[in-house]
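Step one of this worksheet: look at the structure below.
Every number here is computed from the coordinates shown, using simple stated rules; none is lab data. Source: prediction; values computed, not measured. Note that we place each Cβ from the backbone using ideal geometry, even for glycine, and neighbour counts take in every protein chain shown.
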């Protein structure tokens, strides 16, 4: 019996007020304990541009320099996070907006410099997550809402991938709950036919996964998502679901619209 | 026996990295349960200027229009609040950064328009504070750190005076704790001689207050602070202390450097 939903929603929903309002209404209506992790969206780039801060990319990946970490701390940790909280509150969801620095819930390590110096980017290990603090909030009836930020425990905020935060929280909280980790993305789920958006495979386990791979059904884009899903399951997460933000409510039930992985 | 300190620190300390680091070290070292409320500081005005947002004032009072509430939500609720949290964490204080929207702790009412439309400014009533949620955080060993922001419970963040938040939280939490409410300001305390910064009056009660007023010892600046202090005490707060940010640690002991009001 699933008793905690850990749900990640991406920047594409954050950036679109209509999609966002619809998503937040559905998220608020989900029964039981839940956690939301939100991506950043493009607003940080826009505000950074207005502040004259150049976005630097190496091999297509953004570098978080000192000016940029301040912008994302403001925009993700302040503007986006608190607006989500205020909107969830008005929908009857007792949201509490957090970063990984708050209550030291997600200590991280600044990514070591190899070929590329990514700057103030944090890497998270699930075993470092302070799940007891998070459990206290959940048991007090609160719904934690995380911005994609952590800290290095030495006073520095770090920019951190929202998917990684979601899987790390889900793994750590599996010590206390039966967790379904839900990734909202732009498709309804894993498709049996890449040209048919409604050809959703509703259940994938290891056996089915190997068959789908052998049959070359899976696209390159979905393979790493499924690998990450199985990695989370092997680390204790009961179920992973990949589905559309529009379907988030039904994806917390037994008859899912998306793809349930277990 | 005091078992909770509610401490407000102003923008002048927030704006000065050296003062701020010294203050946070002292705050982190305070034993027992504590809450910090921080003012905004001038950084919101600077970032607003860079974003091309005009600061509008009427009779010397800032108007919080739609663009300005976004800036203060970013800067106070994101940048300033999360940097304080990260720094407190590295000093061994288990800080959790919040606005009044988080866990619906401080519901507020948008200030009614009379002669002046202050815009997105919130007025708080202590009886509306959700002290049970705050108590859950304190009992879980966390130190709440509040940005000067609340919400209208209809999805809108509101700019709110940090002194008012501090006194409202202190009054509401007096249902659960014996509270000392500490205001850090630029003097060591209430002075017996306005020209001698060390002539601190260490204890003021109603009788002494009336005597000081009769003797014209008190300056115009300190009178409203003392009136607010007595109002908080009449609403259940055990003690109010007015003192310097440098003295915050000793001002949580029995032998205060500042002015204890009770």
Most exposed to least, judged by fewest other Cβ atoms within 10 Å, B:3, A:196 sort to A:196, B:3
In this structure, the FRET efficiency calculated for residue B:15 and residue A:130 from their beta-carbon separation, with R0 = 25 Å, to the nearest 0.05, is 0.20
Sort shortest first the distances from residue B:54 to its counterpart in every other copy, using label points 7 Å along the Cα-to-beta-carbon line, and give them in nm.
-> 3.3
Gained length - residue A:67 relative to residue A:175, 0.36 nm times residue gap less alpha-carbon distance | 35.1 nm
If you build a Gaussian network model of chain A, linking Cα atoms that sit under 10 Å apart, which residue out of A:170, A:28, A:231 swings the most?
-> A:231
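How shielded is B:135-141 by partner chains, expressed as the average number of their Cβ atoms within 10 Å of its Cβ atoms? Could you put the intermediate results ahead of the total?
Numbers: counts 1, 6, 7, 0, 2, 8, 4.
Taking all residues of B:135-141 together, the mean is 4.
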Cα centroid separation - the stretch B:131-174 against the stretch A:125-163, whole Å | 20
Inter-copy spacing of residue B:114 label points, which lie 7 Å from Cα along Cα→Cβ, given in nm from shortest upward | 6.5
Top mean-square fluctuation among B:25, B:83, B:249, Gaussian network model of chain B, C-alpha springs under 10 Å?
-> B:83
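Full-extension gain between residue A:51 and residue A:253, please, as 0.36 nm times their residue separation minus the C-alpha to C-alpha distance.
Working: separation 202, 0.36 × 202 = 72.72 nm, distance 4.42 nm.
Taking 0.36 nm per residue and subtracting the Cα distance, the gain is 68.3 nm.
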Where does the stretch A:121-262 land on Rg(C-alpha)/(2.2 N^0.38 Å)?
-> 1.12
For the stretch A:57-124 and the stretch B:225-247, distance of Cα centres in Å = 37
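Which of A:93, A:184 comes first, and how do the rest follow, when ranked by fewest Cβ neighbours within 10 Å? Walk me through the numbers before you get to the answer.
Details: A:93 22, A:184 25.
Ranking A:93, A:184 by Cβ neighbours within 10 Å, fewest first, gives A:93, A:184.
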Using a Gaussian network for chain A with springs between C-alpha atoms less than 10 Å apart, which of these wobbles most: A:39, A:92, A:122?
-> A:92
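Go ahead and estimate [θ] at 222 nm for chain B from helices alone: -39,500 (n - 2.57) per DSSP H run with n ≥ 4, summed, over the residue count, rounded to 500. Could the numbers behind the result be given before it?
Numbers: 9 runs with 87 residues, N = 262.
Computed mean residue ellipticity for chain B: -9500 deg cm²/dmol.
Take the alpha carbon gyration tensor of the protein assembly as shown, find the square roots of its eigenvalues, order them as a ≥ b ≥ c, and report rounded if a/c is under 1.5; if not, report prolate when a/b exceeds b/c, else oblate.
Prolate is the answer for the protein assembly as shown, as a/c is 1.5 or above and a/b outweighs b/c.
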What list of whole percents do you get for P(r) of the stretch B:1-136, with Cα-Cα distances grouped in 10 Å bins up to the one holding the largest distance?
-> 10, 36, 35, 16, 2, 0
Between the helical axis of A:81-90 and the dominant principal axis of chain A, each derived from Cα atoms, what acute angle in degrees is found, rounded to the nearest 10?
-> 60
Could you tell me the distance between the Cα centroids of the stretch A:179-221 and the stretch B:195-224, to the nearest Å?
-> 73
Once both labels are modelled 7 Å past Cα along the beta-carbon direction, what's the residue A:203-residue B:113 spacing in nm?
-> 5.9
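Between rounded, prolate and oblate, where does the stretch A:184-262 land on the alpha carbon gyration tensor, with a ≥ b ≥ c its root eigenvalues, rounded for a/c under 1.5, else prolate if a/b exceeds b/c?
Cα axes put the stretch A:184-262 in the oblate bin.
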Among chain A residues, which Cβ is nearest the axis of the A-onto-B rotation, and at how many Å?
-> A:78, 1
Got the relative contact order for the stretch A:184-262 handy, in percent, Cα pairs under 8 Å and 6 or more residues apart?
-> 44
10 Å Cβ neighbours from other chains, averaged over peptide B:65-77 | 4
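Give the relative contact order (percent, whole number) for chain B; include only Cα pairs under 8 Å separated by 6+ residues. Numbers along the way, then the final one.
Values: 520 pairs, mean separation 57.2, N = 262.
Answer for chain B is 22 percent.
Rounded, prolate or oblate for chain B? Axes are the square roots of the Cα gyration tensor eigenvalues, ordered a ≥ b ≥ c, and the cut-off for rounded is a/c under 1.5.
It is rounded, given that a/c, with a ≥ b ≥ c, falls under 1.5.
With 10 angstrom as the radius, rank A:33, B:154, A:82 by how many other C-beta atoms surround their C-beta, starting from the fewest. Don't skip to the answer; put the middle values down first.
Working: A:33 22, B:154 11, A:82 29.
Ranked by crowding around the Cβ, least crowded first: B:154, A:33, A:82.
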